[in-house]
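A quick write-up on the structure given underneath.
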Amino acid sequence: RSAVHYAQRDGLLWPQQLKNIVFLGTPHHGAPLERAGNWVDVILGSTPFSKPFAKLGQLRSAGITDLRYGHLLDADWVGHDRFTRKPDSRQPLPLPLGVACYAVAATAAGKRSPLADRVIGDGLVPLASALGQHPDPIRQLNFAKANQAIVYRTHHMELLHSPTVTQQLLIWLK
């Protein structure tokens, strides 16, 4: 979404050729592991004795800290200390118009449940984040139901070689 946004803004031609985008376990609304890492930074940085250990945690790349909430635009982080704890204030960025967008989410669980969806997900990305779902309607990505797939008993990296994912891609992209 970020690449399409900036390419369109800059008048590049390739987005006009874009027909489909498949988001494979994409943390559209962030990943809890990075949010937890941010809390560890805050806690360790709260005393002079543990502050040096907080610096170790701050070796994370900007790409990793962008995963806290799913930052995509420069406005989401420019002028902010990426290690400072703050609420989700990113700019909404909808799916690109005129492009068929598909979302594949995975869960290590054998079936859906509120706990599995929120806590387990694929081990890195919760189902709601991978499906672009958000309680704030302006942040909802609104993938068509037919353009969403959930793969069960699958971890994040297994999405890359899952026969179930391959079959789904063949159906969507034929």
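Overview of results
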| quantity | calculated |
| --- | --- |
| Rounded accessible area per residue of the range 95-174, 1.4 Å, Å² | 58 Å² |
| Ranked order, Lys145, Lys19 - accessible area, probe 1.4 Å, largest first | Lys145, Lys19 |
| Stretchable slack from Ala108 to Thr166, in nm (0.36 nm times residue separation minus alpha-carbon distance) | 19.1 nm |
| 5 angstrom amide H check on Ile21, placed H, neighbours 5+ away | Ala100, Cys101, Tyr102 |
| Karplus-derived HN-Hα couplings along the range 126-136 (A = 6.51, B = -1.76, C = 1.60, θ = phi - 60°), whole Hz, x at Gly and Pro | x, 4, 4, 5, 5, 8, x, 8, 8, x, 8 |
| Accessible surface ranking that places the most exposed of Thr164, Thr26 first, with a 1.4 angstrom probe | Thr164, Thr26 |
| Note, ³J(HN,Hα) from phi for the range 160-174, Karplus 6.51, -1.76, 1.60, rounded to Hz, x at Gly and Pro | 5, 10, 6, x, 5, 5, 4, 4, 5, 4, 4, 5, 5, 9, 5 |
| Rg(Cα)/(2.2 N^0.38 Å) for the range 106-174, N = residue count | 1.12 |
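The values are calculated or read from the model by the stated rules, or taken from the named source; none is laboratory data. In this text, all values refer to a predicted model and were calculated from it rather than measured experimentally. Side chains are part of the model used for accessible areas, which takes the heavy atoms of the whole protein and leaves out ligands, DNA and RNA. Shrake-Rupley method; radii C 1.70, N 1.55, O 1.52, S 1.80 Å.
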